[in-house]
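A quick write-up on the structure given underneath.
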Amino acid sequence: MRVAAVGDIHMGADSQGLLRPAFETLPDCADLLLLAGDLTRHGTPAEAEVVAREVRDLPVPVVAVLGNHDHHDERPEEVTAILQDAGVQVLEGTATVVECAGARVGIAGTKGFGGGFVGRSAGEFGEPVMKEFVRTTRRSADSLCAALKDLDGQGCAARIALTHFSPVADTLAGEPPEIHPFLGSYLLAEAIDTAGADLAIHGHAHLGSEHGMTAGGVRVRNVAQPVIRRAFNVYHLGGDG
């Protein structure tokens, strides 16, 4: 199975048509397209319409999560509705199963949130706003874990965890260490390892690295466009991609 993925495309009014030519080649190289959040610059419905026109009527399934930029205008429900109207399955603590190359692939997705990684992470202690910061990540991780578990028994040949924030520090290599707590959380990796997955895809870390792995051995790929430097990368489930 060939999985195309990209995040952090940050589309605006001047972006129309930039990715469509590449996306139209997807049937030649991939069976599925995953969008790892930050699809817009400021989360406005007008920007979401630009994204929708890039992906509408593509001949492969398209599954997405939103990113922090897609929440900036505080209208994520409208952004989601516009993308769904274009045929995109938008996940948030939920899962979907798609047919790819004659097999069923399960994708569980959530935006995720920050908090940091083992040894240098925030805790649910102190002021209410600090507790809520960490609880936001914990709720997101718990929903991802539940969504991955929901895919059990659905005849999936493979399961993918799709997030915007990173589940591991590996793929943040290149980012200033001071901002790692704002780029992801180990709680997401714990959820992935607990429920099980064959691949984890995320974005958000523009200066990070592509390759990483959870403590449980799940491959992690940072597909932020500034990292992969192309319209999308393709990963082969069951291979070494």
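The values are calculated or read from the model by the stated rules, or taken from the named source; none is laboratory data. Here the structure is a predicted model, which means the values were calculated and not measured. Please note: Cβ atoms are built from the backbone with ideal geometry, for glycine as well, and neighbour counts cover all protein chains shown. Heads up: the accessible areas ignore ligands, DNA and RNA and are worked out on the full protein's heavy atoms, side chains in. Shrake-Rupley method; radii C 1.70, N 1.55, O 1.52, S 1.80 Å.
Overall, the anisotropy analysis places segment 1-90 in the prolate class: the square-rooted eigenvalues a ≥ b ≥ c of its C-alpha gyration tensor yield a/c not less than 1.5, with a/b exceeding b/c. For the pair V118 and D85 in one chain, pulling the backbone fully straight at 0.36 nm per residue adds 7.9 nm over the alpha carbon distance. Under the combined filter of DSSP loop state and at most 10 neighbouring Cβ atoms within 10 Å, segment 13-104 retains these GluC sites (Glu not before Pro): E74. Once Cα extents along the principal axes in Å is worked out from the coordinates, which option in (1) 49, 39, 31; (2) 76, 39, 29; (3) 110, 54, 34 does it equal? Here the calculated entry is (1). Heavy atoms of the protein chains alone define the surface here; on that basis the chain has 42 Å² accessible area per residue at 1.4 Å probe size.
Taking a point 7 Å out from the Cα of R56 in the direction of its Cβ, the residues of segment 72-108 whose backbone N falls within less than 12 Å of it are 82-88.
For the chain, a Gaussian network of Cα nodes joined below 10 Å ranks V79, V55, V129 by mean-square fluctuation, and the top entry is V129. Annotation for M130 and V234: the two label points, set 7 Å from Cα along the Cα-Cβ direction, are 4.9 nm apart.
Checking the a/c ratio against 1.5 first, then a/b against b/c, what shape does the Cα gyration tensor give for segment 1-40? If you can, show how the numbers build up before the last one.
Details: a/c = 4.59, a/b = 1.53, b/c = 2.99.
Oblate, since a/c reaches 1.5 and b/c is not below a/b.
In this rough spin-label picture, where each label sits 7 Å from Cα along the Cβ direction, the E178-R104 distance is 5.0 nm.
Only four residue types carry charge here, +1 at the Cβ of Lys and Arg and -1 at the Cβ of Asp and Glu. Report the dipole size of the chain about the Cα centre in Debye, rounded to the nearest 20. Kindly include the intermediate steps, with their values, before the conclusion.
On the way: 19 positive and 32 negative charges, 83 e Å.
My answer is approximately 400 debye.
In segment 121-206, the C-alpha radius of gyration followed by the widest Cα-Cα span (Dmax) gives 14.0, 45 angstrom.
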